[in-house]
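Notes follow the structure.
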Amino acid sequence: MDASFEFGTIEWLGLTLTIIPVFLLLHTYLFYPLSQLLRPKSFPNYSSNFQPHVTVLLAVFNEKDIIEQKMRSMVNSNYPVEKLQFIIGSDCSDDGTNEIIERFTQEFSNIQFFPFETRRGKAVVMEDLLTRVTGEIIVFTDADTLFRTETISRLVAPFQDPTIGGVQGNFSSIALDRTDALQQESFFNRIEMAIKMRQSKQGTVIGAIGSIFAIRKDLYETVPYGIIVDDFFLFMSVLRKGFRTVFAEKSISDLYVSGDPILQFRRKKRIGSGNFMAYFIFRSMSWPWKGRVGYHFFSYKVLRWFGPFLMIMAILGFFILFPWLAMVGLLAVGGVLLLDWLFRKNEIKVGLFRYPAHFFWMNAAMFLGFFQYVLRGNSAVWNNPKKLG
């Protein structure tokens, strides 16, 4: 039989559909992380005498369980009180959050509180708060992230370098619950922060984590309605303006993290929807030949966001080339997911199944997030399913 007949057009299509997606997936999940993690960590020593005026912005919705701890952690900062402003907006909270914040405003004169009476979403609340900012540096944070005494001072220190426009803070995870999924979520978080440490040396931290980050006030850009991932948008806007974004390793906060798999799935699907909106805004910056920013953006974010589609392409290609082997592979994946569910249901911890299952559900959430964005768009209004206790 002629060899060209045996390996014809269909086979070449299968080979292409397999090799290219697999290479791109290996790049974003293996080659790129390793290339970053093998780089040495190096952080400049910044002067402790640099103390610009700072404004901390916080938008909340129904955070009664954590807001008192959050407020206490902010006002206990070692940053000079005369150079520190807190502006807090409540997006129509109705669970007692507002009353707790009001008590702090009576005790601390540098806290301004705005309890809005209509639900409009975090980005819209932030836009209102920004009109009242007096600081040179704006610190963004979430209610579930508790500052340490030196968090703010170490976060703003890198801004003494005029080429730096954005600074990502570090965080340590605190369990909201005791679900086994928390171990996997914390593991992936540690890898994310380790990569950002290496990106920092090149001045290209791609996308902030909203728990704790800061930018120069004059670099702020209005966040599009429904963007959801406003932290990512703001950092990319800083890079687009030609400024550097870095990581402040010693600016540590304590972040409450839920390991509830259902809550994690819903959160990642919503974030995934926001990621695709952000991609279409910054797609001109997303190509690897667009310099260091393009390379990191493409390798670290874009390929991950489109990872589920690359996986589907690779599976289709494999089915064309080796249908029976592909079927066995899919059954194996299904078996891992089933066994993981059974083990979790019976409170048996088996990491061999937990990590691949967690990876699968993260990508499934991203996949559904894409269709949520394309078919329904993004709502600016957010809900808060996290509860302490």
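Structure notes:
- Residues of segment 313-325 satisfying the condition of being closer than 15 Å to Ile19 by Cβ and either assigned to a helix (DSSP H, G or I) or β-branched (Val, Ile, Thr) (or both): Met313, Ala314, Ile315, Leu316, Gly317, Phe318, Phe319, Ile320, Leu321
- Residue match in segment 63-81 (condition: in the same structural domain as Ser251 (by TED's automatic domain parsing), modelled with pLDDT under 95, buried (at least 22 other Cβ atoms within 10 Å of the Cβ) and charged (D, E, K, R)): yes
- Met193 fulfils the conditions (1) hydrophobic (A, V, I, L, M, F, W, C); (2) over 20 Å from Glu150 (Cβ atoms); (3) modelled with pLDDT under 90 except for a single criterion, (2).
- Counting only helices (runs of 4 or more DSSP H) that fall entirely inside segment 85-157 and contain at least 1 residues that are in contact with a helix residue (DSSP H, G or I) (Cβ under 9 Å, 6 or more places away or on another chain) and surrounded by fewer than 16 Cβ atoms within 10 Å (Cβ to Cβ), the qualifying elements are 97-107.
- Cβ pairs under 8 Å, 6+ apart, first in segment 203-223 and more than 17 Å from Glu127 (Cβ to Cβ) and polar (S, T, N, Q), second at pLDDT 90 or above and part of a strand (DSSP E or B): Thr204/Arg244; Thr204/Thr245; Ser211/Thr141; Ser211/Thr145; Ser211/Gly169; Ser211/Ser253
- Segment 14-36: number of residues that are hydroxyl-bearing (Ser, Thr, Tyr) and either loosely packed, with under 14 Cβ neighbours inside 10 Å or not assigned by TED's automatic domain parsing to the domain that holds Pro288 (or both): 2
- In segment 270-290, the residue that is farthest from the chain's Cα centre (by Cα) out of those that are surrounded by fewer than 19 Cβ atoms within 10 Å (Cβ to Cβ) and modelled with pLDDT under 90 is Lys290.
- Segment 210-227, subset outside any strand (DSSP E or B) and of a type in the set (Gly, Ala, Ser), residue surrounded by the most Cβ atoms within 10 Å (Cβ to Cβ): Ser211
- Thr9 being more than 27 Å from the chain's Cα centre (by Cα) and among the β-branched types (Val, Ile, Thr): yes
- Residue within segment 165-179 that is charged (D, E, K, R), surrounded by fewer than 18 Cβ atoms within 10 Å (Cβ to Cβ), under 23 Å from the mean Cα position of the chain (by Cα) and modelled with pLDDT under 90 present: yes
Residues checked against (1) free of Cβ contacts under 8 Å to residues at least 40 places away in the same chain; (2) out of contact with any helix residue (DSSP H, G or I) (no Cβ under 6 Å at 6 or more places or on another chain):
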| site | (1), (2) |
| --- | --- |
| Gly272 | no, no |
| Phe280 | yes, yes |
| Trp287 | yes, no |
| Val293 | no, no |
| Ser299 | no, no |
| Val302 | yes, yes |
| Ile315 | yes, yes |
| Phe319 | no, no |
| Leu342 | yes, yes |
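- Subset tally (residues that are farther than 24 Å from Glu127 by Cβ, out of contact with any Phe, Trp or Tyr (no Cβ under 8 Å at 6 or more places or on another chain) and at pLDDT 80 or above) for segment 363-389: 4
- Filtering segment 228-259 to residues that are surrounded by fewer than 21 Cβ atoms within 10 Å (Cβ to Cβ) and part of a loop (DSSP other than H, G, I, E, B) leaves Lys241, Gly242, Phe243, Gly259.
- Among the residues of segment 66-79, those identified as in contact with a helix residue (DSSP H, G or I) (Cβ under 9 Å, 6 or more places away or on another chain) and closer than 18 Å to Val139 by Cβ are Ile67, Met71, Arg72, Ser73, Met74, Val75, Ser77, Asn78, Tyr79.
The values are calculated or read from the model by the stated rules, or taken from the named source; none is laboratory data. What you see is a predicted model; the values in this text were computed from it and never measured. No Cβ is skipped: glycine too gets one built from the backbone with ideal geometry, and neighbour counts run over all protein chains shown.
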